[in-house]
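J.: Got a structure here, written out as structure tokens. Questions coming.
Derivation of every value follows stated rules applied to the coordinates shown; laboratory data play no part. Small disclaimer: the values here were computed from a predicted structure and weren't measured. Every residue, glycine among them, receives a Cβ derived from its backbone with ideal geometry; neighbour counts consider all protein chains shown.
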Amino acid sequence: MELKAEVWDRVMAFATQLANEAQPEKYRESYEALKDYCESQGAAGYEHPFLWETLADFTEDDRAAIPLYLKALDKASWPDAHAYRASIRFALAERYRRTGEPERAREYAIAADDDARQIDDRQLRRRIGAFLRERE
């Protein structure tokens, strides 16, 4: 599934704003605007994993982020979506580790590594390898 340029531009504008926002209230407002945008795209029939992964990336609560990443993973179902699946699965591994679920974290990290091998993403594979070697 091709990512529409206008969707990428809009989501990246939200992401830049969120990444640079220091005031909690403004962060929440920007986050809600991104969430509304993702939901409106979904309601219009366009559910690219980039939308949901980005929203999850900016979700501060790990337990709230996990279902968003799972939705993104579900949307990354086409055969050549290895890059999306690798990134999403690794993010899930990190979030599961922080929520005290090391078995699930390991499961997603291994799956992320399998996808990263398909795209030969050595930097991501190094990060995943370090993650798998770490102890709780």
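J.: From the backbone phi of the stretch 63-72, what are the Karplus-calculated ³J(HN,Hα) couplings (6.51 cos²θ - 1.76 cosθ + 1.60, θ = phi - 60°) in whole Hz, Gly and Pro given as x?
T.: Along the stretch 63-72, the couplings run 5, 6, 6, 4, x, 5, 5, 5, 5, 4 Hz.
J.: Let me ask something else about it. When only Cα pairs under 8 Å and 6 or more residues apart are kept, what is the percent relative contact order across the stretch 5-133? List each step's numbers first, then the result.
T.: On the way: 131 pairs, mean separation 20.8, N = 129.
That works out to 16 percent.
J.: Then there is this: Extending each Cα 7 Å along its Cβ direction at A15 and R133, get the distance between those two points in nm, one decimal.
T.: 2.8
J.: Now a separate question. Choose one answer from K35, K71, K26: the residue with the largest mean-square fluctuation in a GNM of the chain with alpha-carbon springs under 10 Å.
T.: K26
J.: So which GluC sites (Glu not before Pro) in the stretch 4-97 end up in coil per DSSP with only 11 or fewer other C-beta atoms within 10 Å? The partial results should precede the final answer.
T.: Values: sites: E6, E21, E25, E29, E32, E39, E47, E53, E60, E94; in loops: E21, E47, E60.
Within the stretch 4-97, the qualifying GluC sites (Glu not before Pro) (loop, at most 11 other Cβ atoms within 10 Å) are E60.
J.: Follow-up question, since we're still on this one. Treating the angle as unsigned and between 0 and 90°, give the value, to the nearest 10°, between the Cα long axis of helix 5-20 and the longest Cα principal axis of the chain.
T.: Relative to the chain, helix 5-20 is tipped by roughly 80 degrees.
J.: Further, regarding this structure: Grab the DSSP H runs of the chain that are 4 residues or longer, score each as -39,500 (n - 2.57), total them, divide by all residues and round the 222 nm result to the nearest 500 deg cm²/dmol. Intermediate values should be presented prior to the final figure.
T.: On the way: 7 runs with 106 residues, N = 136.
Value at 222 nm, helices only: -25500 deg cm²/dmol.
J.: Let me know the shape class of the stretch 57-113, please: from the alpha-carbon gyration tensor, a ≥ b ≥ c as square roots of the eigenvalues, rounded when a/c is under 1.5, otherwise prolate if a/b is greater than b/c, or oblate.
T.: Because a/c hits 1.5 or more and a/b fails to exceed b/c, the stretch 57-113 counts as oblate.
J.: Rounded to the nearest 20 debye, what is the charge dipole size of the chain about its Cα centre when +1 sits on each Lys and Arg Cβ and -1 on each Asp and Glu Cβ? Walk me through the numbers before you get to the answer.
T.: Numbers: 22 positive and 28 negative charges, 105 e Å.
My answer is approximately 500 debye.
J.: Got a sec to turn the phi values of the stretch 106-117 into Karplus ³J(HN,Hα) couplings, 6.51 cos²θ - 1.76 cosθ + 1.60 with θ = phi - 60°, whole Hz, x for Gly and Pro?
T.: Those phi angles translate into 5, 4, 6, 5, 5, 5, 4, 5, 4, 5, 4, 5 Hz.
J.: Give me Rg over Rh for the stretch 5-133, both radii from the alpha carbons and Rh done the Kirkwood way, two decimal places. Could you put the intermediate results ahead of the total?
T.: Working: Rg = 14.8 Å, Rh = 15.2 Å.
Checking Rg against Rh, the ratio lands at 0.98.
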